[in-house]
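The structure appears below as structure tokens.
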Amino acid sequence: MINSKETLAKLLATENVSIHHKKVRTASFNLKDRVLNLPIWENMEDFTYDHLVGHEVGHALYTPLEGWHDSVSERGSTFKSYLNVIEDARIEKLIMRKYPGLRRNFVKSYKKMLAEGFFGGDIDTLNQFSFIDRLNVKFKCGRSAKIQFSSSELKWLTEIENIETFEEAMDVAERLYNKAKEEKENEENDRNSDEELINDENEEDMESGFDDDLEPDD
């Protein structure tokens, strides 16, 4: 089966990409070396294998090496995560447009992965995630995931759905990243202000003879 799937990957990618099977959490594609890494999962269904191959071939066909490398090198790992979510949504749309027969496998595979907690938990847990992580689940798993968004967040979904080029994906990722960064800075400023207020109150309490005892990431 593996040999036939490797042939499928090369046919879909329209180039002689190298296929490596490894004990890794998920699939990946090395844009520079043109290597498609596939996980060795116990009892992997054919539709999941085809989905993983299809997704990574999407990167092989549509994600530009220079644009990707330059953007993530300049902006760092957190920005890379934002761009990866937006770019995944774009290339999956494009690969299913090019090969419509993949759509069924994508849907079945993501439904199975969602049910098994691959994305980090059940629906209630996922709905507590950050906006970018909820976007990731929504664009991969569709409506069946029942991911919730506020009215102000919904406009981003429409914009991402209409992305066609890598440059457009970059633009949306930058704006989302900057927005999240600004919100985080505002939260930290508010928290620091609250801590200063508490410290001021504690100093007053101490002067009055009262004793007061006073990570996270992308």
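For a quick check of your reading of the filter: which GluC sites (Glu not before Pro) in the range 118-186 sit in a DSSP loop and have no more than 13 other Cβ atoms within 10 Å? Hits after loop and neighbour filter: E164. For the range 18-161, the fraction of 1.4 Å probe accessible surface lying on carbon and sulfur atoms is 49 percent.
Anything over 31 Å Cα to Cα? Flag those among K93/K179; K98/K184; K22/K155; K10/K179, in the order listed. Those over the limit are K98/K184; K22/K155; K10/K179. Only residues of the range 133-169 count here: report those whose backbone N is under 20 Å from the spot 7 Å along Cα→Cβ of D70, or say none. Residues 164-169 fall inside that zone.
Applying a DSSP loop filter and a limit of 12 other Cβ atoms within 10 Å to the trypsin sites (Lys or Arg not before Pro) in the range 30-131 leaves K32.
Which loop-located trypsin sites (Lys or Arg not before Pro) does the range 113-167 contain, where loop means any DSSP state but H, G, I, E or B and the Cβ has at most 16 other Cβ atoms within 10 Å?
Answer by residue number: K146.
Once you have the Cα-Cα distance between E42 and S77, take 0.36 nm times their residue separation minus that, and quote the gain in nm to one decimal. Mind dumping the intermediate values first?
Working: separation 35, 0.36 × 35 = 12.60 nm, distance 3.01 nm.
Extra length available between E42 and S77 comes to 9.6 nm.
Stretched out straight at 0.36 nm per residue, the stretch from R175 to K108 would grow longer than its current Cα-Cα span by 20.9 nm.
The values are calculated or read from the model by the stated rules, or taken from the named source; none is laboratory data. On a predicted model such as this, the values are computed, not experimentally measured, just so you know. In this analysis, Cβ positions are derived from the backbone assuming ideal geometry, glycine residues included, and neighbour counts consider all displayed protein chains. SASA here: full protein model, heavy atoms, side chains in, ligands and nucleic acids out. Shrake-Rupley method; radii C 1.70, N 1.55, O 1.52, S 1.80 Å.
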